[in-house]
Amino acid sequence: MDQIAEKLRALEARVPGVEASLVATYEGLTIASALPPDVDEERIAAMCATVYGTAERICNELNKGPVQMSFVRGEGGYILVTNAGQNAILMVMTTPEAKLGLLFLEMRRLAQEIAELVSQF
């Protein structure tokens with residue numbers, strides 16, 4: 001868990017605009033997070049799992065293949081949710097100015113690393 005939290009904090013340092021991140025199970029239980037202290041991480045984990053599950057159902061229903069990422073854009077920035085292997089999802093929250101191309105690349109790499117770590121549990 002500590003290794004994953006460390007990787008989440010490193011993402012914030014590497015990618016300008018990343019404000020917070022979280023790794024959760026598909027059931028919505030927090031594995032690790034780098035969220036602001038005033039945020040209810042269990043609630044966010046549950047909502048992210050719901051968003052990802054809904055994206056899976058939409059892709060399946062519309063024959064678009066396996067979901068790769070759920071992307072939410074708000075006035076204050078982006079929330080991106082992707083899978084991190086068969087046991088976890090990765091959520092990243094950014095400012096509106098975040099460089100999405102760089103973020104997508106870093107999220108793919110980080111998701112693979114997290115998948116390897118989570119599979120060891």
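Tabulated results
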| read-out | value |
| --- | --- |
| Relative contact order (%) - the chain, alpha-carbon pairs under 8 angstrom, separation at least six | 26 percent |
| The chain, dipole about Cα centre (Lys/Arg Cβ +1, Asp/Glu Cβ -1), debye to the nearest 20 | 440 debye |
| Packing-based order for 63-73, 109-119, 17-27, using average beta carbon neighbours within 10 Å, highest first | 17-27, 109-119, 63-73 |
| Kyte-Doolittle mean at least -1.0, axial Cα span of 20 Å or more - DSSP H helices of the chain | 41-61, 100-119 |
| Residue-averaged [θ]222 nm for the chain, counting only DSSP H segments that reach four residues, each worth -39500 (n - 2.57) | -15000 deg cm²/dmol |
| Label assignment, Rg and Dmax of the Cα atoms in Å derived from the structure, set (i) 14.9, 52; (ii) 13.1, 35; (iii) 13.3, 40 | (iii) |
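Each value in this text was obtained by applying a stated rule to the coordinates, not by laboratory testing. As the structure is a prediction and not an experimental result, all values here were calculated from the model. Note that we place each Cβ from the backbone using ideal geometry, even for glycine, and neighbour counts take in every protein chain shown.
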